[in-house]
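Enquirer: Here it is, the structure in full.
The values are calculated or read from the model by the stated rules, or taken from the named source; none is laboratory data. Keep in mind that this is a model prediction, so the values were computed, not measured. Cβ: placed from backbone, ideal geometry, glycine included. Neighbour counts: every protein chain shown. When the accessible area is computed, the model is the full protein with side chains, heavy atoms only, and any ligands, DNA or RNA have been set aside. Shrake-Rupley method; radii C 1.70, N 1.55, O 1.52, S 1.80 Å.
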Amino acid sequence: EYIKKKIPDFDLKEKSILELGCTSGGILNYFRDQGAKRTVGLDPEPEFVEYGKKKLGLEIHKGFIENFKSKIKFDLIIMRHVVEHLLDPVKDIERAYELLKDDGLLFVETPSLYSMNMLGRWKENFLTEHPTIFSYKTLPYLLNKCGFNVELSPMNGNRSHLRVLAKKKQNIDI
């Protein structure tokens, strides 16, 4: 709904969508039901992958983006609550860049450095579960470094999750 609200002319009918960290594919199922041409998911957890495949009939692959092979390019890549878990977010976002069509979009949602008392609970949040945490300045910086122009980045006072919609830059080498 967020993407549809922010970009009302984003017509799903001819779009291919890849979701990283899709669990069992609830969002992909929604996009498919809304008319997306192709929906593909990627998740490291075999139980989620099997459920999404068998119960929802979705195309979901087990694994991580660095090993994902695709013959098609995507119109939209979704990374909801993924980027904070990555050990090398630059490498993985650069891989997302490679998987996008020339006019493709990347949607990233992640906890803000200041949300959920992250700083007050830094030992719990940073050690293993979230090796990388972003602010409203550092996430757009990372995306720009990896070949994206930030189209939408709501300023919410860092009190909530960050949601950024970025468009692939043209004719650059990453």
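Enquirer: Report the full-extension gain for the segment Val150 to Lys5: residue separation times 0.36 nm, less the Cα-Cα distance, to one decimal in nm. Spell out each step's value before the answer.
Expert: Working: separation 145, 0.36 × 145 = 52.20 nm, distance 1.67 nm.
Answer, rounded to one decimal: 50.5 nm.
Enquirer: Quick one: which residues, 5+ away or cross-chain, put their amide H under 5 Å from the amide H of Leu152? H built at 1.01 Å from N.
Expert: Close amide H contacts, sequence-distant or interchain: Leu165.
Enquirer: I would also like to ask the following. Taking the Cα centre of segment 1-100 as origin and charging only Cβ (+1 Lys, Arg; -1 Asp, Glu), how large is the dipole, in debye to the nearest 20? Numbers along the way, then the final one.
Expert: Numbers: 18 positive and 18 negative charges, 85 e Å.
Dipole magnitude for segment 1-100 comes out near 400 debye.
Enquirer: Send over a whole-number figure in Å² for the accessible area per residue of segment 5-87, probe 1.4 Å. It would help to have the intermediate numbers written out before the result.
Expert: Details: 4600 Å² over 83 residues.
Ligands and nucleic acids excluded, the result is 55 Å² per residue.
Enquirer: Please list, in order along segment 23-36, the HN-Hα scalar couplings obtained from phi with the Karplus expression 6.51 cos²θ - 1.76 cosθ + 1.60 (θ = phi - 60°), rounded to whole Hz, x for Gly and Pro.
Expert: Karplus values, whole Hz, x for Gly and Pro: 6, 8, x, x, 5, 4, 4, 4, 4, 4, 5, 7, x, 4.
Enquirer: Taking the Cβ-Cβ separation of Thr138 and Glu50 as r and a Förster radius of 45 Å, what is the calculated FRET efficiency to the nearest 0.05? Provide the component values of the computation, followed by the final result.
Expert: Working: r = 36 Å, r/R0 = 0.79.
So, using R0 = 45 Å, E works out to roughly 0.80.
Enquirer: Quick one: which residues, 5+ away or cross-chain, put their amide H under 5 Å from the amide H of Leu162? H built at 1.01 Å from N.
Expert: Residues meeting the criterion, in which the H sits 1.01 Å from N, are Thr110, Ser112.
Enquirer: If packing is taken as the average number of other Cβ atoms within 10 Å across a peptide's residues, how do 100-111, 30-41 rank, most packed first? Please list the in-between numbers first.
Expert: Details: 100-111: 19.7, 30-41: 17.6.
The peptides rank, most packed first, as 100-111, 30-41.
Enquirer: So, with a 1.4 angstrom probe, what is the percent of accessible area on segment 25-107 that is carbon and sulfur? Working shown, then result.
Expert: Numbers: 2170 of 4250 Å².
Reported share for carbon and sulfur atoms: 51 percent.
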